[in-house]
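Reviewing the structure listed below.
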Amino acid sequence: MALALQPVKGGVTLLSDYNFIGVFVVVAILFPFVALGIAWLLRPKKPNPVKASTYECGLETIGETWVRFRAQDYIYALVFVVFDIEAVFLFPWAMAYDQLGLWALAEAVLFLGILIVGLVYAWRKGALRWQ
Amino acid sequence: MQVPLSWYLIVAAALFCIGLYGVLSRRNAIAILMGVELMLNAVNVNLLAFWRYGEVARGTLAGQVFAIIVITVAAAEAAVGLALVIAVYRARRTVDVEEVELMKL
Amino acid sequence: MTLSVSHVIFVVLSATALVGALGVVLSRNLFRAALFLVLSFVGVAGLYILLEVEILAMIQLLIYVGAIAILIIFVIMVSRQLMSPQYRAWNQQRPGGAVVAVVLFAVLAFVLLSVTWPTAEAAVPQDAIARLGRALVAPDQFVLPFEVASVLLLVALVGAVVIAREK
Amino acid sequence: MDILNFWVELGRVVGEWMASWGLPPWAVNLIADFIGVLILVVFGVMAVIIFTPMERKVIARMQDRPGPNRVWPYGLLQALADAIKMLTKEDIIPSKADRALHMLAPILVVIPALLIYAVLPWGPRLIGQDLNVGVLYVVAIGAIHILAVVIAGWGSDNKYALLSAFRTVNQLLAYEVPMVLSILAVVLLARTMSTQGIVEAQSVPYLIVTPIAGLIYLVCAMAEANRSPVDLLEADSEMVAGYMVEYSGMKFAMFFIAEYVNMFAVAILVSTLFLGGWKFFGLEDVAPVLAPLIVFGKSVLVIFCMLWFRATFPRLRFDHLVGFSWKFLVPLSLINLLLVALVVKIPVADSRLAPWVQGGAMLLASLVVMAATALLLNRAARRLKDAPALKRIVAVER
């Protein structure tokens, strides 16, 4: 249902919620194409090799485009993955929290505690230190 | 609810087989991992399809919980697998699984 | 059987997922393969919405696209110079692998189509997400997998840090 | 009350009018959906036209200079002039770049920025779509943004772009964790993930109930929307615009549009999650017509704060920036989450009073934690006299 026509919740299936999102996805995908298309019609097209060279403040590019590997970058991403999944578990937990007893809190504390051990480990090992 | 269950199962089977092909035919460890991720995805489609078409009537949630656990395992697998790829790459300057053969008899 | 809108949407979404998957296994360029993987994940997330498990669709986007695909792209960027033109992407098992995959798919499709699956029609409850949350922490349901998952994540984190760290 | 709600009434009238043409209901729905989407998209893109002049004017005034003042009136139409310039600029694709990916990145960066608008509430019953998983949807959509930036960095085949892409991954990932955790605190308080539900649950704005989550969210949202002082993925004065270095003309404009559309969305999100959304001392009940204006006013306030930060604080060093998130924001937001979980369990006999009692307890607890954090940081800062950045961080936070 659309912006101004939204019905009161309930009575419709969950799937009908996503009609709007579906239309939105289509429009959102079309938007950049339309914008770039208009620009394509309007703009000048005069390429030359100097223009098309890699921008490096006027200097010639030397060697391959390659960034030295650092384990640091990867470990940050790794810690992120772990915490992202933790959030995935906690969202349903938070939704059901008021129907649950105190033990639900205890379980979540245990869950988080185990993960915090991981964070502390990574921290102590210096994995979070930028080198 | 008009799409029959078997359609989902066929799509999942196709995803699984494509992933399997990727795992079998690639040399690059990262590409193999991507194939594994595809296979795990296929499993999830199956789990959720079965949940929707059978389990939801019984009011239980095993399908959804299984799917979440599978996603967790997939993430853990990707994390450790890619860490291994990085370690191998650092030591041997390659991620080609055929060149990593020191453990072979 | 008449075709309805949901059939069309199903076909579009599963085509997205399958084209993405084919792109993963067939493209030589690893970075593009990873992007095709993302396309496949997005298609599968769409299928989840069609199955009315929106929470799993969001988790799919969050974890697979936002975390796992990023992790993969990350490692690909690191090992970039491997992508020289003479690099061999496939091993000699390639034809064999194709045969195995096709045969397996044929067998699976045959089995899937010959069995009549017992299905039960029921509406998804409005509070499905809260139910999932309850199921995850209820002692008689999935509290053990819930806690084991955190241990698994801890082990993965510690293991990956140990493996990936520079000495 | 519905008569007062002009917007809902308008939608109903238009719907009935279309149905009177003899259109089937699904077609009416589809057209209504389409109109709704167009309104939201136009509104989102309007952000660029409204906020670029605002940003330049505000910053200029804070730095004691006039700012753009040529394009009539007072330079307020500067954005339109920029748009015309961008449209007529040549598009340069570096010869070494991967052409398809170079093209894909600007397309992909706009899509998630626009998609967020689908779940932003503009008033009672005035929302694109009130999803059950609203806030999770916002976070999930954000993943595509990270991807687009990485593609831009890779597709340009430029050292600076690639370096910037690496930084991007680190910064966005680092700030996503505390952001999600502070959203979780809100979900825990509101007991719903729908954005509309969260607004309705706020009898007191959550910024007052749980200021820690609010401030953490604001900082993280600024990092996600790539605003200075946490704009290191772009850092236009150091990294030649980072991952955008090889983009020109309309493709560059796409990144630009995405940045402002995103900033506006984030500001609306902050006002939705923490400032009470369309609620304003009961005004929304008297005149629901004004609800969108309330939301707009609150988000302009949030954006003004962002600009203020930009004009005030120097840019952080990259390691400080990432470390700040992992070593400070993540533990703090975890503590805050546990605090919220504890406080919500406080038994209150009268259910009408419950939000007030729990909110008060929460506020007290938050203040204690904030004071303790400030004390700890102060001691740490005194020990590390050679790290003045830490003090600045304290200043940002408190």
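Selection within segment D:152-175: residues that are more than 7 Å from every other protein chain (Cβ to nearest Cβ) and not small (G, A, S). The member of this set that is nearest to D:P112 (Cα to Cα) is D:L172. Restricting attention to segment D:109-132, the residues being modelled with pLDDT under 85 and not polar (S, T, N, Q) number 9. The C-beta contact set for segment C:100-129 (first residue more than 9 Å from chain B (Cβ to nearest Cβ), second residue small (G, A, S) and surrounded by fewer than 16 Cβ atoms within 10 Å (Cβ to Cβ), distance under 9 angstrom, 6+ apart or interchain) comprises C:Q126/A:G10.
Scanning segment D:260-272 turns up no residue that is more than 21 Å from D:K159 (Cα to Cα) and either at pLDDT below 75 or surrounded by fewer than 23 Cβ atoms within 10 Å (Cβ to Cβ) (or both).
Residue by residue, here is whether (1) away from chain C (no Cβ under 12 Å); (2) assigned to a helix (DSSP H, G or I); (3) small (G, A, S) holds:
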| position | (1), (2), (3) |
| --- | --- |
| D:K85 | yes, yes, no |
| D:E90 | yes, no, no |
| D:I93 | yes, no, no |
| D:A113 | yes, yes, yes |
| D:W122 | yes, no, no |
| D:Q129 | no, no, no |
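Scanning segment B:21-44 for residues that are aliphatic (A, V, I, L, M), within 7 Å of chain C (Cβ to nearest Cβ) and over 11 Å from the mean Cα position of the chain (by Cα) gives B:L24, B:I30, B:A31.
For first residues located in segment D:358-372 and surrounded by 16 or more Cβ atoms within 10 Å (Cβ to Cβ), partners that are part of a helix (DSSP H, G or I) and not β-branched (V, I, T) and lie 6+ apart or on another chain with Cβ distances below 6 Å form the pairs D:A365/D:L339; D:S366/D:P211. Of all residues in segment D:265-286, those that are on the phi > 0 side of the Ramachandran plot have Cβ atoms under 9 Å from Cβ atoms of residues that are surrounded by fewer than 21 Cβ atoms within 10 Å (Cβ to Cβ) and of a type in the set (V, I, T), 6 or more apart or on another chain, in D:G276/D:V204.
Among the residues of segment D:50-65, is there at least one that is away from chain A (no Cβ under 14 Å) and within 30 Å of D:V14 (Cβ to Cβ)? The answer is yes; a qualifying residue exists. Annotation: of all residues in segment B:63-96 being of a type in the set (A, V, I, L, M) and more than 8 Å from chain C (Cβ to nearest Cβ), the one that is farthest from C:A57 (Cα to Cα) is B:A91. Within segment C:21-34, the set of residues being closer than 20 Å to D:A148 by Cα and surrounded by fewer than 24 Cβ atoms within 10 Å (Cβ to Cβ) comprises C:G23, C:S27, C:N29, C:F31, C:R32.
Yes/no per residue for (1) more than 20 Å from A:P92 (Cα to Cα); (2) within 7 Å of another protein chain (Cβ to nearest Cβ); (3) in a helix (DSSP H, G or I):
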residue: C:L39; (1), (2), (3): yes, no, yes
residue: C:V42; (1), (2), (3): yes, no, yes
residue: C:L47; (1), (2), (3): yes, yes, yes
residue: C:M58; (1), (2), (3): no, yes, yes
residue: C:I63; (1), (2), (3): no, yes, yes
residue: C:G66; (1), (2), (3): no, yes, yes
residue: C:I70; (1), (2), (3): yes, yes, yes
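Just to be sure, is C:L104 crowded, with 18+ Cβ neighbours inside 10 Å, at pLDDT 85 or above and not assigned by TED's automatic domain parsing to the domain that holds C:A34? So C:L104 fails the test. Remark: B:V85 falls outside the filter, which requires a residue to be surrounded by fewer than 21 Cβ atoms within 10 Å (Cβ to Cβ), among the hydrophobic types (A, V, I, L, M, F, W, C) and touching a helix residue (DSSP H, G or I) at 6+ places or on another chain (Cβ under 9 Å).
The values are calculated or read from the model by the stated rules, or taken from the named source; none is laboratory data. On a predicted model such as this, the values are computed, not experimentally measured, just so you know. For neighbour counting, all protein chains shown are included, and Cβ atoms are generated from backbone atoms with ideal geometry for every residue, glycine included.
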